[in-house]
Amino acid sequence: MTRATLQALLSHWWRNPLQLFTLLAGLALATALWSGVQAVNAEARASYDAAAATLGEGQYDRLVRRDGQPMAQDTYVALRRAGWLVSPVVQGRLDGVRIVGVEPLTAPGGIGPITPTEGADITAFLTGDGQLFANAETAAQLSGLSVVVTPEAAPGTAVTDIGVAQRLLDKSGLIDSLIVLPGQPKGRADLGTLAPDLTLQPAQGGSDIARLTDSFHLNLTAFGLLSFAVGIFIVNGAIGLAFEQRRPVVRTLRALGLPLRQLIILMGAELMIFALIAGVIGVALGYVIAALLLPDVAATLRGLYGADVSGTLQLRPSWWLSGLAIALGGTAIAASGALYQMAKMPLLVAAQPRALAMAAGKRAVVQGIAAAVLLGLAGVMMFTAKGLIGGFILLAALLIGAALALPLVLDRILAGASRGAKSVTAQWFWADTRQQLPGLSLALMALLLAMSANVGVSTMVSSFRLTFTDFLDQRLASELYVRTENEAQSAALLQYAEPRTDIILPIQSADTQVAGQPTEVYGTRDHATYRENWVFLQQAARPWDTTFAGQTVLINEQLSRRAGLNVGDEIALQGTVFGIAGVYGDYGNPIGQVVIGEAVFLRLYPDIAPRNFGLRMDPDAVPDFVAGLEAETGIPATQSVNQAGIKAISLAIFERTFTVTTALNILTLAVAGFAILMSLLTLASMRVPQLAPAWAMGMTRSQIGRLELMRAVMLALLTAVVALPLGLALAWALLAVVNVAAFGWELPMYLFPMDYARLGLFALLAAALAALWPARRLARTPPADLLKVFSNER
Amino acid sequence: MNVKTFLLALLLPVTASAQGFAGLGTDADGFSVPQPNPQFAFPADHGAHPDYRIEWWYLTANLTAEDGTPYGLQWTLFRSALAPEDGDDWSAPQLWMGHAAVTTPDNHYVSERLARGGIGQAGVLADPFAAWIDDWELVGDWDTLRMSASAPDFAYDMALTAQGPLIFHGDAGYSVKSAAGQASYYYSQPFFAIEGTLQLPEGNIAVRGNAWLDREWSSQPLADNQTGWDWFSLSFDDGNKMMGFRLQQTDGNNFTSATWITPEGVTTPYTDSALVATPLAVNDDDVPVRWRVTLPAQDVDVTVEALNADAWMTTSIPYWEGPVTVTGSHAGVGYLEMTGYE
């Protein structure tokens, strides 16, 4: 019996391969987008974990200098001799690779993801030229050094002995931080008397990078979820349609005595098998998507946060298992409604061709209420939402609410149009469109989601780009920036530049913590460059005057928002209290920033000498200046970057950031187009009975085909009209809520009508393309089939 | 970095090639090799010998509290060289390892420190004498020394006073370790009176007793077929002292050596097989903690039993080290070290 039943049920799919394809393809696409994004996230997180494990970040307390500068190696020895069990660490970058120097004898167990392998030679590691441990990718960047390749090493990181790191990084006799080991001995001397310039940083759960990049990954996840939702819409449509069409089979099977319970189990099992197949395909596709996206994501994370992420993807069981699970879960969600209806259906209810539409009519009320509640929630959240989670709830409520409301809104519009229609054909067109709406509504919802996401994200991206470009113009006012390697170079530069430039602006900074936030303090020389170019979001009277006079500080928006600091509040730097005179926009910077006058900086951080200089001069004189500098002082041209160069680098980083979102945007739109195609194709075969009378009354098949095409384009147009305000609302939520929570700054919103028009055109084109084939099929329906409608009893 | 694997590699560095060059004064890697008829020069030889692979400053003490409770104490600094040279930065190929322990009848407290040479974190200077690793120190002029060590669960601070001369083991300090001729330079100061305070979880305990400081360095301490050693330092109630060791061999035989030390510091060396040490009982980990030790030439036939059978050193290279009591032909106290039982 089971076998026969299963055969009867499955026969539906063999007779409707297109539906089967829709089901599998929809599910596979949904799984692919979701698991692709998850793979990217998993890879990035694994990279952070490996990086954190390199130094046991989050596990151990650390000692660092208060002003963030390296400490003398003697301080380490003094602490050890006083009973402090600490282990020294030196860090820095060499050819873009993060070099981490550890001291293996004192480091806590598990520091450095390295176990002695065949390449590990203790003597070679500790003495002579030393050895670096890195993965194959990183090893390739470290030419000329003895590198042992180990897959366990964190991406972009090479671990080596502290002595080797000091030599490679030119930090002889210096130590960046000390790991404080658990289990300190009795009677150890007080830190305050031993090394008063050191401060103890307690271990924090989770690595800094992981917390910084959380928002980025949440963004990706949200995109993955959106794509998955669109895919599930398709699957839900396919399953609903299939169940509708199988009602006669179900009726017959049950009349033959098949228990309802067994029937439901069999139908569920059938779907789960499909889900598994689609899941496997989806995971494979997801892998491809992830592999294509990962290099851009890695570049973005490196550019934005300095996080090293492996550019190559590893297959992780947790990832493909979760991909399969989400395919099964998604199918279960998509099918639960249909299965529930099947279970509730009275035994002998006849299969009705309009069942879909009629069921939709009953569902409309529930749907309307749900839409109203969600949109209401979104309305409230617009004013109250705080933080990333709040932002995403707002986005979800807005999107789902609008999607649910879409069929109702379209239905109202069509009803209105139908009332205004004069000719019979027009009346039939509107009425028939309304009739089709329930069958198309899922596909249209998918289109709405895809379009509004597109509008929202592209508005955000473009607003960001515009703001950021302006910001770079203000901020990078100096014509030339020169970095020096040491005191001698600094002195040589100053001497050479003095007579040849309008002014030299030293750029000096110290890393510290302000109100618990990692913060850079910049010492700034009084000059019009700053006074004229910087734009304040909030400011007291004459902020530059008081700041250059050493009375106040200026802080960036990130610090202001995260620490809740505003103009008039006070912060302490090295024990000195300053009032805040201004808050400035600082787009693209992940951490807090404080600007103080140069004189105050020298007093607070006497050990820090500037190594970067901004030079104001005639832009045309820059090339000669750089050449002359190299010739006269030996400071190589590679240490000079002109303004245009920095801008180009900064913009390139941000272009890559948004390559990722653009790619996901296009994928979502493609899925929506596919949904329309599939809905129209399945509807087309069902619609022959409704088109036959129109044909019988004298409308030609090609006329019917053209009307079909028009209908699709018209529905897409209406959806686009709804999508635009929704997309703008989305953009606003992204800029004003999500962005603030994620990055710590608010962006002004700009509108890009041409972009929206182009997007609308694409959507119409996609809908037209999707409708072309079904319309042609209708136009070519053999008259015999149309005639059969009148002769066959259905 | 797996420190343990790495240290094992370091502290047992004797390679086959090293043996063949023994007679030439240096081994294949350029390390110096002990030669017969040594001429020691003090205080210079109290200091480090970086051209030898391994070296130690090894102090053990039998202590008694005012209430008569016996305690044992250990302070050891090991030097291990990756190459026969010194230096004054991280590239110096000298590694240091400190072990400190306090043994009570019921507990055994252990701590370990590791450090690189060359940067001042650990080292030994000859004049004025100072041996240190981190905050652990052994400093003074060898007539008097101060010694301290600390750990999360214990610490001690001790003052030592020499009450007799240095003594030299083997042939005037050239101590043969195998039939094949492996040898080390080996001398001791077994006549220290020691007093100070133990800080234990049980409380602070004032103790006094006697201490034995061993100095030994070599580039080839064990032969290929030797797997570990049992080392005894016994102080008898009649004032005589005895050092004896037994090197275990893979063929089941042993190589033994002993030094008889009179209260005046006159020594009599005994070569292979004069000393016989036989395990009588083992602890839960199969480590022999009761021995019969005989040296017929001095009419010694004693039973040596651990004060605390669980004196296992849970260090990078684990071994057993603890105070013992001696009964039989001679009564007394002493220290027992056993390696190769892991």
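The values are calculated or read from the model by the stated rules, or taken from the named source; none is laboratory data. Predicted model only: the values in this text are computed from it and were never measured. As a convention, Cβ positions derive from the backbone with ideal geometry for all residues, glycine included, and neighbour counts pool all protein chains shown.
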Hits in region A:165-203 - residues which are assigned to a helix (DSSP H, G or I) and closer than 10 Å to A:Val90 by Cα: A:Ala165, A:Gln166
Looking at region A:734-759 only, could you name the residues that are modelled with pLDDT of 85 or more and assigned to a helix (DSSP H, G or I)? A:Pro753, A:Met754, A:Tyr756, A:Ala757
Inside region A:74-103, the number of residues satisfying the requirement of being crowded, with 23+ Cβ neighbours inside 10 Å, more than 18 Å from A:Gln184 (Cβ to Cβ) and at the interface with chain B (Cβ under 8 Å from one of its Cβ atoms) is 1
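Counting only residues that are within 27 Å of B:Pro263 (Cβ to Cβ) and in a strand (DSSP E or B), which one in region B:132-155 is farthest from the other protein chains (Cβ to nearest Cβ)?
To start, the set of residues in region B:132-155 that are within 27 Å of B:Pro263 (Cβ to Cβ) comprises B:138, B:140-147.
Narrowing the set further to residues that are in a strand (DSSP E or B) leaves B:138, B:140, B:144-147.
Numbers: B:Leu138: 14, B:Gly140: 17, B:Thr144: 22, B:Leu145: 18, B:Arg146: 15, B:Met147: 14 Å.
Ranking the qualifying residues of region B:132-155, first place goes to B:Thr144.
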Restrict the check to region B:61-81 and report whether at least one residue is within 14 Å of another protein chain (Cβ to nearest Cβ) and of a type in the set (Gly, Ala, Ser). yes
Give the residues of region A:747-757 that are more than 16 Å from A:Ala720 (Cα to Cα) and buried (at least 16 other Cβ atoms within 10 Å of the Cβ), sorted by residue number. A:Leu747, A:Met749
Selection within region A:566-595 - at pLDDT 85 or above, farther than 27 Å from A:Arg465 by Cα and either surrounded by fewer than 18 Cβ atoms within 10 Å (Cβ to Cβ) or not aromatic (Phe, Trp, Tyr) (or both): A:Val567, A:Gly568, A:Asp569, A:Glu570, A:Ile571, A:Ala572, A:Leu573, A:Thr576, A:Val577, A:Gly579, A:Ile580, A:Ala581
If I filter region A:89-98 for residues that are acidic (Asp, Glu), at pLDDT below 80 and under 37 Å from the mean Cα position of the chain (by Cα), do I get at least one hit? yes
Of all residues in region B:24-57, which are among the aromatic types (Phe, Trp, Tyr) and at pLDDT below 95? B:Phe31, B:Phe40, B:Phe42, B:Tyr52, B:Trp56
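Looking at region B:190-225, which of the residues that are among the polar types (S, T, N, Q) and within 14 Å of chain A (Cβ to nearest Cβ) is surrounded by the most Cβ atoms within 10 Å (Cβ to Cβ)? Can you show your working first?
Of the residues in region B:190-225, the ones among the polar types (S, T, N, Q) are B:197, B:199, B:204, B:210, B:218-220, B:225.
This time we only want the ones that are within 14 Å of chain A (Cβ to nearest Cβ), so: B:197, B:199, B:204.
On the way: B:Thr197: 13, B:Gln199: 18, B:Asn204: 10.
Ranking the qualifying residues of region B:190-225, first place goes to B:Gln199.
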Residue list for region B:82-105, restricted to those being in a loop (DSSP other than H, G, I, E, B) and within 10 Å of chain A (Cβ to nearest Cβ): B:Leu82, B:Ala83, B:Glu85, B:Gly87, B:Asp89, B:Trp90, B:Ser91, B:Ala92, B:Pro93
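Across region A:475-493, what is the total count of residues that are under 24 Å from A:Arg603 (Cβ atoms) and touching a residue at least 40 places away in the same chain (Cβ under 8 Å)?
From region A:475-493, those under 24 Å from A:Arg603 (Cβ atoms) are A:484, A:486-487, A:490-491, A:493; that's our starting set.
If we keep only those that are touching a residue at least 40 places away in the same chain (Cβ under 8 Å) too, we end up with A:484, A:487, A:490, A:493.
Count: 4.
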Can A:Glu598 be described as in contact with a Phe, Trp or Tyr (Cβ under 9 Å, 6 or more places away or on another chain) and surrounded by 14 or more Cβ atoms within 10 Å (Cβ to Cβ)? yes
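Tally up the residues in region B:106-131 that are more than 9 Å from chain A (Cβ to nearest Cβ) and assigned to a strand (DSSP E or B), please.
Within region B:106-131, the first condition is being more than 9 Å from chain A (Cβ to nearest Cβ), and the residues that meet it are B:106-110, B:112, B:117, B:123-131.
Those still in the list that are assigned to a strand (DSSP E or B) too: B:108-110, B:112, B:123-125, B:129-131.
The total comes to 10.
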Single residue of A:Leu178, A:Leu169, A:Leu142 found to be in contact with a strand residue (DSSP E or B) (Cβ under 9 Å, 6 or more places away or on another chain), more than 12 Å from chain B (Cβ to nearest Cβ) and more than 30 Å from A:Leu200 (Cβ to Cβ): A:Leu142
Which of the residues that make up region B:195-222 are outside any loop (DSSP other than H, G, I, E, B) and acidic (Asp, Glu)? B:Glu195, B:Asp214, B:Glu216
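Restricting attention to region B:296-341, which residues are among the polar types (S, T, N, Q), under 23 Å from B:Tyr58 (Cβ atoms) and surrounded by fewer than 18 Cβ atoms within 10 Å (Cβ to Cβ)? Show your work before the answer.
Taking region B:296-341 as the starting set, the residues that turn out to be among the polar types (S, T, N, Q) are B:298, B:303, B:308, B:314-316, B:325, B:327, B:329, B:339.
After this cut, where a residue has to be under 23 Å from B:Tyr58 (Cβ atoms) as well, the list is B:308, B:314-316, B:325, B:339.
Once the filter is applied, which keeps residues that are among the polar types (S, T, N, Q), under 23 Å from B:Tyr58 (Cβ atoms) and surrounded by fewer than 18 Cβ atoms within 10 Å (Cβ to Cβ), region B:296-341 yields B:Thr314, B:Thr325.
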